[in-house]
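K.L.:
Take this structure, written in structure tokens, and hold onto it; I'll ask about it next.
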Amino acid sequence: MITDDGYFPAGSATRRVIGDPAALIGGFSALFLQTLHPRAMAGVDQHSSFPDDFWPRLERTAGYVTTLAFADRATADKAVARVRGIHRHVRGIDTVTGREYSADDPDLLRWVHTTEVSSFAAAVRRLGLIDDAEQDRFLAEQVRAGALLGATDLPASRAEVDAYFADVRPELVASPIAKRAARRLMLAPLPKRAEFLTPARPGWTAVAAIAIGMLPPWAKELYGLPRVPGADLATTIGLRTLRAGLLTFRRATGRPAPPR
């Protein structure tokens, strides 16, 4: 149910960003970024069934993000409670660092939150659909979303996001587990409803390539990706094309655009 009685009412930067199809591609980019944190990746690696849970997990995440952005507070609070309930059972030992992890650890919540919201906003900003000030407003508004899950000390602007990534970078590594996860993302199993469609596989490959292209330069370096002349422009053109395709699909299926 879409309402103005939510955490992010009409006119908010949150609705403008989350409601844009480019944010979805930014969300895929966040997945490639998140794998670089060993303890955060351990929770996914040890508590998810790949490939069976790949698309359901993405759908649940997308549903949660849009619920928080557009639903009334009671509905949003129920979604938050479900996620926090799941987090309580996600814990163990990270085999890369040998350290304990838990999904409700504020440090790991901060990492997941920051990678997601910064990637959403960066994708929409890349196409000039918001300006720097609105990007900062979005990041500031999203502090509330992160806090609902128990995250603390969240960056509230582009400058604070950059500072956070600089601080956390020594913990990040493209471990064998991270690289395996990235390969799985690149070659993700197609949903059953799409696996017999000829364009589906190359379509997903294009989405994954653009998502990787949107990674920060330091993340690409960790993955050992070479710098290719013209790659940034190609990524922007690809993102614009994907967004246009998603908008066309939305109109063709009669799905209303999210309210701003």
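Only the coordinates and a few stated rules stand behind these numbers; no lab work does. Note that the structure is predicted; figures quoted are calculated from it, not measured. So basically every Cβ, Gly included, is an ideal-geometry build from the backbone, and we count neighbours across all protein chains shown.
K.L.:
Per 0.36 nm of contour for each residue apart, how much would the distance between ASP132 and GLN46 grow if the chain were fully extended, relative to their Cα-Cα spacing?
P.N.:
27.2 nm
K.L.:
Could you sort 93-102, 148-157 so that the peptide with the highest average Cβ count within 10 Å comes first and the rest follow in order?
P.N.:
The densest-packed peptide leads the list: 148-157, 93-102.
K.L.:
Expressed as a whole percent, how much of the Cα-Cα distance distribution for the chain exceeds 29 Å?
P.N.:
28
K.L.:
If Lys and Arg each add +1 and Asp and Glu each add -1, what is the summed charge of the other residues whose beta carbon sits under 13 Å from the beta carbon of PHE32?
P.N.:
Combined, the nearby Lys, Arg, Asp and Glu give +4.
K.L.:
Now, a different point. Just grab the label-to-label distance for ARG251 and ALA159, each label 7 Å out from Cα along the Cβ direction, in nm (one decimal).
P.N.:
About 4.1 nm separates the two model spin labels.
K.L.:
Applying a 10 Å radius around every beta-carbon, put 80-89, 169-178 in order of their mean neighbour count, most first.
P.N.:
Going from most to least packed, we get 169-178, 80-89.
K.L.:
How large is the dipole of the range 25-137 about the Cα centre if only Lys and Arg carry +1 and Asp and Glu carry -1, each at its Cβ, rounded to the nearest 20 debye?
P.N.:
Around 220 debye, computed over the range 25-137.
K.L.:
Say each of LEU187 and TYR223 gets a label point 7 Å from the Cα, pointing the same way as Cα to Cβ; how far apart are those two points in nm?
P.N.:
1.6
K.L.:
What's the ranking of 103-113, 224-234 by average number of surrounding C-beta atoms within 10 Å, highest first?
P.N.:
103-113, 224-234
K.L.:
Follow-up question, since we're still on this one. HN-Hα J couplings of the range 38-45 from phi, Karplus 6.51/-1.76/1.60, θ = phi - 60°, integer Hz, Gly and Pro as x?
P.N.:
x, 6, 5, 5, 4, x, 5, 5
K.L.:
Which whole-Hz ³J(HN,Hα) couplings does the range 212-227 yield from phi under the Karplus relation 6.51 cos²θ - 1.76 cosθ + 1.60, θ = phi - 60°, glycine and proline marked x?
P.N.:
Result, rounded to whole Hz: 5, x, 8, 4, x, x, 5, 6, 4, 5, 4, 6, x, 7, x, 7.
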